[in-house]
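What follows is one structure encoded as structure tokens, with my remarks underneath.
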Amino acid sequence: MPSLSSAAEHIQDLGAYVSASPSSFHAVHEAGRRLLEASFVRLDELEPWEGGAGSFFVIRDGALIAWVAPEAAGPTTGFNILGAHTDSPSFKLKPKPTIGAHGWLQAGVEVYGGPLLNSWLDRELQLAGRLVMLDGTEHLTATGPMLRFPQLAIHLDRAVNDGLALDKQRHMNPVWGLGNPGDSDLLAVLASHVPGASVDPSLVGGYDVVIADTQAPAVFGGNSEFFASGRLDNLSATHAGLVALMAHASRAEAGAPIAVLAAFDHEEIGSNSRSGACGPILEDVLVRISDGLGASASQRRQALAASFCVSADAGHAVHPNYAERHDPVNHPVLNGGPLLKINANQRYATDAAGAALWARLCAESDVPYQEFVSNNAIPCGSTIGPLTATRLGIRTVDVGVPLLSMHSARELCGVEDPRRMAAVTELFYGTPV
């Protein structure tokens, strides 16, 4: 297995990364900070790129593309891409967000993606994201513990344990204080939490702000085998790709492919944005890398034909209390290794060639893996894998770390699997396919 770190060290670093990443904008900021420390060069999309060998990254809104081009890279060198996403199911702040009634201050929010609503109840939550000023400058903000979706007491709903029904409009507006909404300004609170800057809330022209859980990630279990955290879907894969890319950069061989981490935004809502997998960001970057290597249009097509994408997104472990919801035969477990995700209708992009590549990479990494397929009676989710394969024609395989409680405010994985995912990814980055 490639030497990145022990499982214990990796899981602690994953926890630190998740804690530093309450929004997609924070996730790419933290990734960029780490890449700069590892001597990667940040490029500006508005400026020309010299191209050639080296380690680089670019940030577009809540997405990041980072890559390592080896010394021998040429016009037809293929790209080995780890695709992941930075967003997680949550709630997004609406316009005119300062609301309330009956002496309470509340935040007006819109459901983002498909969160398990009940899992967000009675938790200490924060607001986090970016503020964009009227002059176009941007600031990250994160409030720390400030909000809560308070659940109705059982004394006022005696049938609640027979079935909890939450109305997204009426019941999912968190409280954040006491007082009159007309005398308070949630944007002023957000502006006051911009680190290292004095921000005038009257000059905020727009914002992308979500709610995030503030409980610290934790290792637990009878043998410390479990890891609980928010946003494991899909910061577990983004972190694995990041750690693996930095390790790969320190020892990339001359004949290796161009290793790419593509961390997209907006996967949870369909990827249809300029920073999502349906958008042009990955193609834009790959074209500019090829241009810097002197590729013609025909040679660029050769490079894409020689490329492979590992679409890494969290998947489902078998639930012991709901085993009937899973395939009768394929029952992935926590700490059983990362998943190879398969769907006959191409909701996952895995085919026989991708499955064979994944099996080989895992064998060479000394990492076990598990196959995941859905119960035929339950619709299958999807990932950025089919989108990338369709958009760019790149061979793609879908994989991921197994979870319980996916889309909960606090998800659960095994302590071994994220480290294994990073180990296979590091080998993949350097392996011509």
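The values are calculated or read from the model by the stated rules, or taken from the named source; none is laboratory data. Quantities reported herein were computed from a predicted structural model and do not represent experimental measurements. Heads up, the Cβs are rebuilt from the backbone with ideal geometry, glycines too, and the neighbour counts pull from every protein chain shown. Calculation scope for accessible area: heavy atoms of the full protein, side chains included, ligands and nucleic acids excluded. Shrake-Rupley method; radii C 1.70, N 1.55, O 1.52, S 1.80 Å.
Which value, in nm² and rounded to one decimal, describes the direction-averaged projected area of the C-alpha convex hull of the range 148-282? Display every interim value, and only then the final one.
Values: hull surface 63.9 nm².
About 16.0 nm², averaged over all directions.
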With the dipole of the chain defined by +1 on each Lys or Arg Cβ and -1 on each Asp or Glu Cβ, the option from SER19, ILE378, VAL199 whose Cα lies farthest towards the positive pole is ILE378
Counting every C-alpha pair in the range 1-125, the percent lying more than 25 Å apart is 45 percent
Check: C-alpha center the range 381-433 vs C-alpha center the range 216-267, spacing in Å is 9 Å
Taking a ≥ b ≥ c as the square roots of the eigenvalues of the Cα gyration tensor, with a/c under 1.5 meaning rounded and otherwise prolate when a/b exceeds b/c and oblate if not, the range 266-407 is prolate
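With r defined as the distance between the Cβ atoms of GLN302 and HIS102 and R0 fixed at 51 Å, what FRET efficiency is calculated, to the nearest 0.05?
On the way: r = 66 Å, r/R0 = 1.30.
Computed FRET efficiency for GLN302 and HIS102 comes out at 0.15.
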Return an integer: the convex hull volume of the alpha-carbon atoms of the chain, in Å³ per residue. 146 Å³
Sequence gap at least 6, Cα distance under 8 Å: using those rules, report the relative contact order of the chain to the nearest whole percent. 24 percent
Where in the range 172-211 does the amide nitrogen come within less than 19 Å of the point 7 Å from the Cα of ASP135, taken along Cα to Cβ? 191-207
How many nm is it between the label spots at SER198 and ASN272, if each spot is 7 Å from the Cα in line with the beta carbon? 4.5 nm
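Could you work out the relative contact order of the range 102-170? I mean the mean sequence separation of Cα pairs under 8 Å and 6+ apart, divided by the number of residues, in percent.
RCO, the range 102-170: 29 percent.
Rounded to the nearest whole Å², what accessible area per residue is found for the chain with the 1.4 Å probe?
Numbers: 18130 Å² over 433 residues.
Ligands and nucleic acids excluded, the figure is 42 Å² per residue.
Round to a whole number: what % of the accessible area of the chain belongs to carbon and sulfur, probe 1.4 Å? List each step's numbers first, then the result.
Numbers: 9320 of 18130 Å².
Within the chain, the accessible surface is 51 percent carbon and sulfur.
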Keeping all protein chains in place and using 1.4 angstrom, which order do HIS139, HIS85 fall into by accessible surface area, from largest down? HIS139, HIS85
In whole Å and largest first, what semi-axes does the C-alpha gyration tensor of the range 338-433 yield when each eigenvalue is scaled by 5 and square-rooted? 21, 19, 12
Shape call, the range 50-97: gyration tensor on alpha carbons, a/c limit 1.5: prolate
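Ranked from highest to lowest mean number of other Cβ atoms within 10 Å per residue, what is the order of the peptides 395-405, 111-121?
Values: 395-405: 25.5, 111-121: 17.4.
Order by mean packing, descending: 395-405, 111-121.
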Of LEU140, PHE91, ALA244, which is farthest on the positive side of the dipole of the chain, counting Cα position, with +1 on Lys and Arg Cβ, -1 on Asp and Glu Cβ, and the Cα centre as origin? PHE91
If every Lys and Arg gets +1 and every Asp and Glu gets -1 at its Cβ, then about the Cα centre the chain yields a dipole, in debye to the nearest 20, of 460 debye
